[in-house]
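The values are calculated or read from the model by the stated rules, or taken from the named source; none is laboratory data. All values reported here derive from a predicted model rather than from experimental measurement. Here Cβ is always computed from backbone atoms with ideal geometry, including for glycine, and neighbour counts include all displayed protein chains.
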Amino acid sequence: MAEAGGQQLTHLDELVSLCASRGYISPSSEIYGGINGFWDYGPLGVELKNNVKARWWQRVVRERADVVGMDSAIISHPRTWDASGHTEHFSDPMVDCRACKKRFRADQLEEIGPCSAREGSSEHDLTPPRNFNLMLETRIGASEDAASIAYLRPETCQPIFTGFKRVREAARQKIPFGIAQIGKAFRNEINPRNFTFRSREFEQAEMEFFCHPDEREKWFEHWCEERMRFHRELGFGPDSLRTRAHSADELAHYCKNAVDIEFRFPFGWQEIEGIHDRGDWDLSRHSEYSGKALAVTGEDQKERFMPTVVETSVGIDRLCLALLANAYAVEELEGGESRTVLHLHASIAPIQVAVLPLSKKLAESAHALESGLRRRFNVFYDDAGNIGRRYRRQDEAGTPFCVTYDFDSPEDQQVTVRERDTMKQERIAIEGVAEYLREQLDCAG
Ligand code: GAP
């Protein structure tokens with residue numbers, strides 16, 4: 001949680017309500033009562049999400065010569081999911097209550113409340129567990145037969161495997177190299193919960209790194225370190241992140257080794273990213289099911305081998321939730337007042353700078369400053385209400401800098417810059433504001 005002092009987040013409800021009121025995240029189709037497991041990102045939420053995705057893309061793709069990107073269709077040929085093992089294995093055990101008709105995960109029964117439909121007993125009347133496939137089905141075209149069934153992808157990586165040969169040849173990459181993609185994934189979760197943590201529609205940023213089987217451990221270590229560094233740079237403190245290796249009985253059907261990066265959420269330690277040794281499971285299976293050779297020739301031009309894969313897979317929505325929970329604080333101020341503040345890392349804050357004229361009479365010059373800054377920064381202009389209240393609104397939005405244009409500004413050509421975390425104020429020349437912000441944001445990097 002935020003380390004700037006003050007009371008940190010212990011209950012998710014406070015964050016859920018801040019997110020709705022400030023335009024971060026709210027229930028999808030809210031006017032119809034919402035739809036369980038689906039969320040909409042508002043004006044601030046979409047900026048946060050886009051900043052997080054851009055930073056991931058920058059670190060994982062653009063800064064590396066050995067990773068390239070792609071953007072695949074959400075719907076793949078249905079055989080993809082037979083080959084990947086999802087049709088057979090991608091399920092959770094579930095039970096139904098015969099009385100109240102609710103469905104629960106069989107491995108989370110300790111969390112279910114009493115049955116609302118049984119007189120004289122609050123116990124549910126549960127069916128034996130059976131497996132429930134989590135893939136969301138849809139139909140393609142006008143026909144209603146079984147052949148028209150397709151699935152919304154439950155993970156974004158499978159099109160990377162089916163596209164492996166094409167992308168490698170087009171990008172003229174040699175093993176070892178990676179293919180990255182960010183996009184939507186869908187899972188028909190039996191029990192969506194904890195705000196966006198477990199949703200039915202969410203975004204993943206995944207990177208599949210193809211290497212020689214002899215180098216799998218080296219690359220696995222490399223990517224564990226890289227990914228931890230990425231999260232640390234976003235401002236997570238030492239006590240809020242940890243890694244956890246999977247035990248053999250937890251491993252997914254495709255996985256030989258896995259490490260989770262976990263964040264200390266208000267509801268406990270939970271995974272935000274998985275680093276997986278997928279071996280040659282996916283390429284071998286797609287080779288078998290498609291009849292296309294996906295093995296590669298080694299540097300010596302003699303050896304033929306199926307590359308082994310190290311995967312990094314982070315949920316963008318979960319990461320955003322972790323960032324918001326980490327940033328949230330309620331702080332006591334002098335004079336018995338308090339403020340709610342999001343100490344978001346400046347590089348991902350939705351609004352970078354707010355321009356606040358002390359009076360509407362100063363609008364013309366303040367707007368001139370605003371439009372100059374808009375060329376380089378995401379700017380918010382606010383001239384309504386007293387200045388203290390305007391600062392609080394920006395604190396709640398997580399805006400790292402506020403620039404106040406006051407009655408002295410036309411004379412001395414200076415403005416006051418207020419920094420969110422320290423609340424320190426500094427008077428600087430108007431012509432230097434853009435440079436000042438650029439330096440501060442670069443430092444935050
Ligand atoms: N391709 C591997 C894969 O999908 P995963 O552990 O099932 O692995 C990776 O998912 C990440 O995707 C998780 O660490 C989590 O951040 C995110 N994720 C998975 N299911 C999710 C859900 N129902 N809602 C939100 N995010 C989810």
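Quick notes
- Selection of the range 291-335 for residues being part of a strand (DSSP E or B), among the acidic types (Asp, Glu) and over 19 Å from Trp57 (Cα atoms) yields Glu331, Glu332.
- Residues of the range 404-445 classified as within 16 Å of His367 (Cβ to Cβ) and of a type in the set (D, E, K, R), total: 1
- Some residue of the range 307-315 being more than 16 Å from the ligand (Cβ to nearest atom) and in contact (Cβ under 8 Å) with a residue 40 or more places away in the chain: yes
- Between Gln108, Gln173, the distinction of being closer than 30 Å to Val67 by Cβ and of a type outside the set (A, V, I, L, M, F, W, C) belongs to Gln173 only.
- You will find that of Arg418, Arg427, Arg392, the residue that is surrounded by 12 or more Cβ atoms within 10 Å (Cβ to Cβ) and closer than 20 Å to Arg374 by Cβ is Arg418 and no other.
- When the range 11-25 is filtered for residues that are touching a helix residue (DSSP H, G or I) at 6+ places or on another chain (Cβ under 7 Å) and surrounded by fewer than 18 Cβ atoms within 10 Å (Cβ to Cβ), only Gly23 remains.
- The single condition from (1) under 30 Å from Arg105 (Cα atoms); (2) surrounded by fewer than 19 Cβ atoms within 10 Å (Cβ to Cβ) that Lys174 fails is (1).
- Arg55 vs. criteria under 29 Å from Leu441 (Cα atoms), modelled with pLDDT of 95 or more and not in a helix (DSSP H, G or I): no
- Answer residue from the range 132-159, given it is touching a residue at least 60 places away in the same chain (Cβ under 8 Å), of a type in the set (A, V, I, L, M, F, W, C) and touching a helix residue (DSSP H, G or I) at 6+ places or on another chain (Cβ under 8 Å) and is farthest from the ligand (Cβ to nearest atom) among those: Ile140
- Of all the listed residues (Lys256, Lys292), the sole one being of a type in the set (D, E, K, R), in the same structural domain as Glu206 (by TED's automatic domain parsing) and at pLDDT below 95 is Lys256.
- Ile190 satisfies every condition listed in (1) farther than 21 Å from Asp71 by Cα; (2) aliphatic (A, V, I, L, M); (3) without any contact (Cβ under 8 Å) to a residue 60 or more places away in the chain; (4) within 11 Å of the ligand (Cβ to nearest atom) except (3).
- Residue-level analysis places Met228 outside the set of residues that are aliphatic (A, V, I, L, M), surrounded by 20 or more Cβ atoms within 10 Å (Cβ to Cβ) and modelled with pLDDT of 95 or more.
- All conditions but one from (1) more than 11 Å from the ligand (Cβ to nearest atom); (2) of a type in the set (Lys, Arg); (3) in contact with a helix residue (DSSP H, G or I) (Cβ under 9 Å, 6 or more places away or on another chain) apply to Arg216; the one that does not is (3).
- For beta carbons closer than 8 Å, sequence separation of 6+ or different chains, a first residue in the range 237-259 that is over 30 Å from His345 (Cα atoms) and a second that is within 13 Å of the ligand (Cβ to nearest atom) and hydroxyl-bearing (Ser, Thr, Tyr), the qualifying pairs are Tyr254/Ser84.
- Residue in the range 195-213 that is over 30 Å from Ser91 (Cβ atoms) and either more than 13 Å from the ligand (Cβ to nearest atom) or assigned to a helix (DSSP H, G or I) (or both) present: yes
- All helices (runs of 4 or more DSSP H) inside the range 367-445 with 3 or more residues being more than 26 Å from Tyr24 (Cα to Cα): 409-412, 433-444
- Within the range 260-269, restricting attention to residues that are free of Cβ contacts under 8 Å to residues at least 24 places away in the same chain and buried (at least 16 other Cβ atoms within 10 Å of the Cβ), the residue that is nearest to Thr312 (Cα to Cα) is Asp260.
- If you go through the range 318-345 and pick out every residue that is near the ligand (Cβ under 10 Å from one of its atoms) and surrounded by fewer than 23 Cβ atoms within 10 Å (Cβ to Cβ), you end up with 0.
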